[in-house]
Structure formats: C-alpha cells, structure tokens
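The values are calculated or read from the model by the stated rules, or taken from the named source; none is laboratory data. Fair warning: this is a prediction, and the values are worked out from it, not measured in the lab. Methodologically, a virtual Cβ is constructed for each residue, glycine included, from the backbone with ideal geometry; neighbour enumeration extends over all protein chains shown. Note: accessible area is taken over every heavy atom of the protein model, side chains too, but ligands, DNA and RNA are not part of it. Shrake-Rupley method; radii C 1.70, N 1.55, O 1.52, S 1.80 Å.
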Amino acid sequence: MLLVAAGNEAPTAQQSAAVPGNMWPPPRPAQRAHSPALSPEEERQTFSVPPGFRVELVAAEPLIESPIIIDFDADGRLWAIEMPAFLPDLSGRDSREPINRVVVLEDTDDDGRMDKRTVFADELVMPRALKVLERGVLVGEPPNLWLFTDVDGDLKADAKTLVTSTYGNASGNIEHNANSVLWAMDNVLYSSEHTFDLRYAGGKFEPVPALSRGQWLISQDDAGRVYRNVNDSPLYVDYTPSRYFLRNPNLVRTRGLFELLIEQSAAIVYPVRPTVGVNRGYRHPGPFFRADGSSIVIQGAGTPTIYRGDRYPKDLWGNAFITDSPTNLVHRLRIVDDGSGRLTAVNGYARGEFLASSDERFRPVSLASAPDGTMYVVDMYRGVVQAGGLWSEYLTDYIKAHDLLMPVAKGRIWRVVHGNDAGRRGPAPKLSRFTAGQLVQTLAHPNGWWRDTAQQLLVQRGDRSIALALERLVTTAPDWRTRLHALWTLAGLEAIRPELVGQALEDNSADVRAGAVKIAERWLRVPGHALSTAVLSRLDDRSWSVRRQLAASMGELPEEARIDPARLLLLRLGDDPVVVDAVLSGLHGLESRVLDQLTTDRARPVSSDAVAMLAAAITKSGVAADVQRLVAAVADEHQPLWRRRALLQGLDAALPAAGGGRGRSGSGLPGISAPGGRVTLAPGRGVSLPAEPASLTVLARGNGPLAGAAAAVVARLDWPGRPAPVVPATPLTVEQQKRYAAGAEIYRNVCAGCHNDDGRGRDRLGANLVGSPFVTAPDGTALSRIMLSGKEGSLGLMPPAGATMRDEDVAAVLTYVRRAWGHAASPINPLDVAEVRGLTRGRTKPWTDVELQPPAGRGGRGGAGRGAQQ
C-alpha cells in the first residue's frame, strides 16, 4: 500500500500506525469521544491526499476567522467573507448581529503564506456572495446585493451602491438563500437559490430573470457550462440556462436545466474517520454507513468546482471537486463526455478521496481554482456546520456529547499542490496593470483563472480598440478555449460582427460552434437576416452540444420562422428530452401549430415524448378549445395508439390534481428538471370544458389499453353540471386569522426554501404539501409531530424545524399550511402543539410513515401518501 503524508516526507511504517489518515487509501480510525481543536500544523497532519499531492497552509486564525467564500482580485490578492455570526455561542443559534466581514489577505513576502489582513467591509448581516470586480466588489447580503467601492485604493470600502434589494430573503433559512455571483463565459453573472442573474453592460448591471436552482455556490467549465449541487446530490449541469425556459410559462418540464450527472448512490465517499455526527447519523448501522461508522454517501454537497488550473496532472483537468464538510472531505468526480457533448460523471478514484481528514473539525465549505494553478480549500474549522434550528434530536445529543459547539473563532485556508510544484507558485498576477493588448494575449493562458479574469477586465473596461486583435484570436488561435474567450469578449464589448460569428459556426470545436449559435441570437431576431441561414444549417451538426443550443436559440427567431425548424428538430431529435424542452421554450403560443404539423405527417415518425410535452404545454395554457381538440384526438381510433397515449400523458402532466385545483391558477412558472431523468412536473390551471367530453369518458369506462390513463385525465377535467368535491371550511376567528397571517411569514422564511412558495415542493428537498394527507388530516397531531421531531421519507429527512420554535409559532405555520393553497383543514391551537411536544419529549429520531398512521378503527388519513418531508 502506498503511503503519503500531508507533510514533506512519506511517513515511516511506525508513523503510519500512529497518525490517522496518512495512507492511500487510508485506514479509518476508531471514533474518539472528543475532537479537540487542533493547531493548523496538527490539523495538517490529519490530511490524507493521493500520492504526489501535498497540503500547504495559506492562512489561519487570527488572520482569518470563520471563512465561507473566497475570491481573488486581478493581482492575486485573496478576498474572503468571514461569518462569525454562524453559531457563535452555546445557544446553537445564529446571530443576526452585524458582525460579519469581507477581508483582504496578502502575501507580502511571497512565501506562500498570507501575512497581512485588511478589513474591506464590516458590519454585515449573514453575507453569502462575493465577486471582486476591477472597480468594486459585489457582496450579497440578503435581501441586498451591494457594490462596494474603494475610492482611495487602501483596500477599505468607501462607498456602497445598492444593485438590488431582492437578493434573497433577509430572514430566510440560511441553508436556502441566494448565494454565489459567478461571472461566466457568456458575461452573465449567475447565482444559486435565486430568481435572477445579472448581465454587465455599459458599466451597469442588468437583471436577467432566472429559475432558482442549486444550493451552495456554482462554477463553470472551459466551455462555460454552469455546474450546481443540492443537499446530498453532488453534481448537476445546466446545458440550457434557465432564462430560456422563462419565455414559455406553458412548460411543465425543464430538462437541460439542472441535469444530474451522477446519482447520489453512485458517488461513494471514503471518509478517514467515522462520520455519524450528522442529522441522520441514527441510521448507523444501515445502508448509508459502513460498519465502522464512515458514511458511504455524500452528506452535504457544496461548491462543485471544476478544476481549470495548470499545475495538476492532466487527468484532473476539467474534473469536478465537491466539498462535503459533514464527512470532512473533498470528493473528486471525473466528467465524461461521450464525444458529442453529453456528459456524465464518475468517481475520480476507485477507493479514496482527493482530500480527507481524520479531524472532525475540518470543515471544507468551499473551493476555488486559484491564480497559481492549484486549488484552495476554505476550512471553516469548527465542530458544527449544520444550521442551527435544523438539528435532529440525535445530532443535538451528539454535539453535546462530543463537546463540538466551541471553540468557533477559527478558520483555515489550504492550498493543495502536486509534485515538484510544492512551494512553487509561479509569478503573482498583476493583471490590473496589464494593457488591453496584454490582456488579449492572456486569453491564451493555460490557467482558466487567468483567461476568465482577462476577459472580465476587458469587458469591464469597455475598450473596443482591441476588437481586431480579438478577431485574429477567434480565427487563428490554436487553442479552442482561447477562440471561445475571444468570441465572448467581443460579444461583451458589443463589438462582435455577424461575419465573424458565421466563421465561428464552422469552427472545428463544438464548444466554439455552440457559443457562436448563442451569440448569433441578437441577429436571429431580425427578420430575414443572412446569419439565420448559417445558424439553422447547424441542424445537422454532429455535436449534441450545438444542436441543444440551437434548439434553445431558435426561439429567438420571428414567430413564423420558428415553426419549421422546430418541427425538424423534434422530428430528428425528439428522443432527447433536453432538445424537446429547449425547442418548446421558444414556442409560446405556437405549440398547437407545431403539434398539428407533427401529427398530420404520418409518414415521418416523431417521438412520443415530443408529442406529450407539446400536448402538456397546450393543456397548461388553459384554453378550453385547444384542450377539446386534444381530447378529440385521443378518442380518434384512426390515430396510432402510441400517439393517443402520448396525448393522454401530456394532458395528465399539465392538469392539476383531481379535486385539488379546478379553476385555480397555477404558478405560471415552467416545470422543474429532476435528477436522473425523473421529472417533477409543474401543472397549470384547471380546465373547464363547455360540455362533458363524452368520448373520453366512454374511453375511461372501458377496459382498453388507454382506459386507465383516460380515467386519470377525466378526473382532472371540469365541465358544467359536473359535481365537484367540496370541503366546507369553517371560518377562522379573528385570533385564528392573526395566527394564519403570522404562519404565512414563518413559512416564507423557514419552509419555502424546501417546499416552495406554492407548497408544491422541490426535488430532493421538500415534498408537495398541496393535498398531502398529513396536511389535510382531520386533526393536526401527525403534522405537529413531524414539525417537532422531523420525518424520514422517500425524499429523505424533514428536519425538526419546530423543535426550537415557540408553540405559538408552530401552531401558526401549521394553521397556514392547513388553510393555504385551497386546503380547508381546521386551524392548530398552540395548546395542542404543547401537548404533542410533551408527549414526544423523549423522541430521539424522526417519525416514519408507518408510525404516523392512525390506529386501526380511528379513521383519518394521517399515514397515507406523501407527507411533509424534506
């Protein structure tokens, strides 16, 4: 077995037996009763890395305290957000005091260790985003996004300008709030957990509407694709940015956005210590933990960072690295392209991790691909990183038993280096002093950080005098990455020519061609523009990346010009759901015409998925006449059986649940892509037909192959004279109405991050509450138990969100969910919550579906179906 130490030399056999985590793959030591805080050097000795790698300290307390995010300016100085307000004391609660900071760290003697600290901005309340620009610093402090500026050059903010006051929620759940400001290849600044991005244009930031996806930080690859994570699912990619889907509120699905690249169960981790100190550690022993207590699965994915440096072995270039602070490690995933642009991810090592520690207080919360070509690891260094108020009773007891709450005023930043690069960092960047011509040359740098920074500086400076030099790069640079950066720099400067875009459409790199299609959208909007023909010629491109981008971009054509390319794309590529949803995103109001063309041409087969999604969009629009036409087509026995079934699937996907939504407006937002091709659909408004769809009801009453699907659709339609189930709602008293209003605010701040504002849930985070039997049960006992002790279900753990709330607050939020979204259940009394709290005080783990079922003979529906689980 190979040995590798975190220090300078490989350990001896005797040292290997004494020092945990210094073998590759490392042994897992026995659980210690306590994990005392270690010095930086002591902690460094607990690290396990693959052969050839080494961990170096960049900064530690008192120079840095409770860091959560870092960024680098154009001269390589390290900027960090410090969050000492996170669990600052023994109360287990965050502080809302303005005690957080943005600091700048400098290495003045060039020895690789930071030695100078400057507080740039302080008195911040729970900041969550950081982006250093040439003439300012963006800081996300929900609900505000600020642009701080340093006028006199002393690295201290002199002024701040409000960019927006709707960046997240001031009192929202800390685990689910707006974060990240990533300047991506297309000059859009993307965020996570937020409903708009930004575009820098003419010295100002323009809002770009978006759909909220991901959880904690994002990054991009060399082609500009954005990568995300959520909860315990490690890696997603946006093939299609969310702004495309917002063009068509009739979509019920958004495949191509937030596409899972590896299943949670496949991303196997190898901690070098037992890791049962997590919310669901009570599952040990079980399928999620090894016998020694080490987790098999990722417990808390964060910061999916694509390595784009130039100091690691080439087989790591373009790999994704995921922080998992609950299990004290950084996991490596290798991204695999099938040769056409379709991606998957596999574990980087057959057994082992890129970086793991036997110190329970090692908490890697974020990563950064750095100017020196290595990767930096932000270590919050503390015993607890689970947000206060979301602890299960098991974790609460674990924290107390292992004395993990204190100390907290610490933090480390580490650099992972390889081979002979240990101690060698290359020249420090001084890009702020570069001329425009020098920055153009920097677009050919092998390190992605240098290329990104050069592009961003050129766009921010707005100097179009270098347009010809950039055009030469587009046509002559040997590295496709340089050509792509040059294209997007020209686009960001508004100095791009359609003739150059036409040339780029013929580039031998699929990523350059896809970028050219995207850039061409500004001319696609012009009727009859010559570039439209060149773009549409890519319908036969050999790369899925190009065809998928074309599917999205063709929605920018004038309306009439969209129909034929949409038909061709759906005929040729309708078996790809990413293409289907991208095409539909540009067909708002045109879905019926495209479906007619596809279904009348019986000589050419079309995929059932394309037919189903077109039918779903038509149904979600709520136009009764169009829905009647779909119903008639389903009943037409001359239509192929597969097509009739596909139409039924579309109707079923877009109609609200039976009895739960007739006549009510839907959210108007597109659907949500779900992991691994499993899809959470976003139904639309109820549809009321002018008369009973007799042909469909006859089909539903039969015993043919479509009877079951037809019956499901019939149950979701309405028409005059049809009796609809009515659940009378007892009017709320004045006091109950006040409780309901208070509950609405609590729900928005605490629950909506997982269950959404409309109660319909979020994939892998929160279940659909609308119509849930736990919500609509005759009494709220089961729901109170879930709030106070949590619940284990098919979507994972619903944490005990009410455990730290007052009884009045629990009653308020439960009253709200039992009366919101069309529910008519009785309100909840604080005394009832107090009773449940007393009866379940000894509960040490979440409830299960079986436990929450009412006793036989007592009726009720408390144990059936999907409940309020996270």
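Do we have A561 as closer than 20 Å to R247 by Cα, within 32 Å of the chain's Cα centre (by Cα), small (G, A, S) and in a helix (DSSP H, G or I) here? No: the conditions fail for A561. Evaluation of E175 against the conditions (1) within 28 Å of the chain's Cα centre (by Cα); (2) open to solvent by 40 Å² or more (accessible area, probe 1.4 Å); (3) more than 22 Å from A210 (Cα to Cα) shows that the sole unmet condition is (3). Taking the condition open to solvent by 10 Å² or more (accessible area, probe 1.4 Å) and under 30 Å from S233 (Cα atoms), does R785 pass? The answer is yes for R785. Every residue in segment 196-212 that is in a loop (DSSP other than H, G, I, E, B) and either modelled with pLDDT under 90 or more than 30 Å from N279 (Cβ to Cβ) (or both), please. If the condition is that a residue be in a loop (DSSP other than H, G, I, E, B) and either modelled with pLDDT under 90 or more than 30 Å from N279 (Cβ to Cβ) (or both), then G202, G203, S212 are the ones that fit.
Within segment 58-86, residues that are on the phi > 0 side of the Ramachandran plot have Cβ atoms under 9 Å from residues that are among the acidic types (D, E) and in a loop (DSSP other than H, G, I, E, B) in these pairs: G76/D107; G76/D372, counting only partners at least 6 apart in sequence or on another chain.
Please verify whether segment 502-519 includes one or more residues that are touching a Pro at 6+ places or on another chain (Cβ under 7 Å) and surrounded by fewer than 19 Cβ atoms within 10 Å (Cβ to Cβ). No; the residues of segment 502-519 include none that is touching a Pro at 6+ places or on another chain (Cβ under 7 Å) and surrounded by fewer than 19 Cβ atoms within 10 Å (Cβ to Cβ).
Filtering segment 535-560 to residues that are of a type in the set (G, A, S) and surrounded by fewer than 21 Cβ atoms within 10 Å (Cβ to Cβ) leaves S537, S543. Restricting attention to segment 291-308, and to residues there that are touching a helix residue (DSSP H, G or I) at 6+ places or on another chain (Cβ under 7 Å) and closer than 20 Å to R451 by Cβ, which single residue is least open to solvent (accessible area, probe 1.4 Å)? Of everything passing the filter in segment 291-308, Y307 is least open to solvent (accessible area, probe 1.4 Å).
Anything in segment 795-843 that is in a loop (DSSP other than H, G, I, E, B), charged (D, E, K, R) and at pLDDT below 80? List them, or say none.
R841, R843 - these are the residues of segment 795-843 that are in a loop (DSSP other than H, G, I, E, B), charged (D, E, K, R) and at pLDDT below 80.
In the set (1) open to solvent by less than 40 Å² (accessible area, probe 1.4 Å); (2) modelled with pLDDT of 60 or more; (3) over 31 Å from the mean Cα position of the chain (by Cα), the condition left unmet by S39 is number (1).
Only residues that are open to solvent by less than 20 Å² (accessible area, probe 1.4 Å), more than 20 Å from R96 (Cβ to Cβ) and touching a Lys or Arg at 6+ places or on another chain (Cβ under 9 Å) were counted across segment 357-408, and they come to 22.
Tell me yes or no: at least one residue of segment 580-596 is at pLDDT 95 or above, part of a loop (DSSP other than H, G, I, E, B) and buried (at least 24 other Cβ atoms within 10 Å of the Cβ). Yes.
Give, as residue ranges, the strands (runs of 3 or more DSSP E) completely inside segment 312-426 that count at least 1 residues that are touching a residue at least 40 places away in the same chain (Cβ under 8 Å) and closer than 20 Å to I81 by Cβ. Steps first, answer last, please.
Details: elements: 320-324, 329-337, 343-347, 355-357, 364-369, 375-379, 412-418.
Per the criteria, 320-324, 329-337, 364-369, 375-379, 412-418.
Anything in segment 206-260 that is on the phi < 0 side of the Ramachandran plot and among the polar types (S, T, N, Q)? List them, or say none. Within segment 206-260, S212, Q215, S219, Q220, N229, S233, T240, S242, N248, N250, T254 meet the criteria.
For V750, the criteria (1) open to solvent by less than 90 Å² (accessible area, probe 1.4 Å); (2) of a type outside the set (G, A, S); (3) modelled with pLDDT under 90; (4) not in a helix (DSSP H, G or I) hold in every case but one, which is (4).
Residues in segment 228-273 that are under 24 Å from L573 (Cβ atoms) and outside any loop (DSSP other than H, G, I, E, B): Y236, V237, D238, S242, R243, Y244, F245, E259, L260. Restricting V252, V272, V230, V237 to residues that are modelled with pLDDT of 95 or more and open to solvent by less than 10 Å² (accessible area, probe 1.4 Å) narrows the list to V237.
Residue-level analysis places V623 among those that are free of Cβ contacts under 8 Å to residues at least 24 places away in the same chain, under 13 Å from S592 (Cβ atoms) and aliphatic (A, V, I, L, M).
Looking only at residues in segment 564-579 that are open to solvent by 40 Å² or more (accessible area, probe 1.4 Å) and assigned to a helix (DSSP H, G or I), which one is nearest to V501 (Cα to Cα)?
The selected residue is D564.
Yes/no matrix, rows are residues, columns are (1) hydroxyl-bearing (S, T, Y); (2) at pLDDT 95 or above:
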residue: A291; (1), (2): no, no
residue: S294; (1), (2): yes, no
residue: G300; (1), (2): no, no
residue: T303; (1), (2): yes, no
residue: Y307; (1), (2): yes, yes
residue: A320; (1), (2): no, yes
residue: T323; (1), (2): yes, yes
residue: L329; (1), (2): no, yes
residue: R332; (1), (2): no, yes
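Filter segment 686-707 for residues that are in a loop (DSSP other than H, G, I, E, B), more than 16 Å from R644 (Cα to Cα) and not aliphatic (A, V, I, L, M); which is modelled with the lowest pLDDT? Reasoning before the result, please.
Taking segment 686-707 and keeping what is in a loop (DSSP other than H, G, I, E, B), we get 686-687, 689-693, 702-706.
Going one step further and asking which of them are more than 16 Å from R644 (Cα to Cα), we end up with 686-687, 689-692.
Remaining after also requiring not aliphatic (A, V, I, L, M): 686, 690, 692.
Details: G686: 81, P690: 92, E692: 91.
Across segment 686-707, the extreme among qualifying residues is G686.
Considering the conditions (1) open to solvent by 20 Å² or more (accessible area, probe 1.4 Å); (2) at pLDDT 95 or above, N187 is excluded by exactly one of them, (1). Screening G780 on (1) modelled with pLDDT of 85 or more; (2) over 16 Å from N173 (Cα atoms); (3) surrounded by 23 or more Cβ atoms within 10 Å (Cβ to Cβ) shows it passes everything except condition (1). Condition test on F354, is it among the aromatic types (F, W, Y), touching a helix residue (DSSP H, G or I) at 6+ places or on another chain (Cβ under 9 Å) and either surrounded by fewer than 22 Cβ atoms within 10 Å (Cβ to Cβ) or farther than 29 Å from G426 by Cβ (or both)? No; evaluated as a whole, the condition is false for this residue. Of everything listed in (1) more than 30 Å from N420 (Cβ to Cβ); (2) part of a loop (DSSP other than H, G, I, E, B), the single unmet condition for Y282 is (2).
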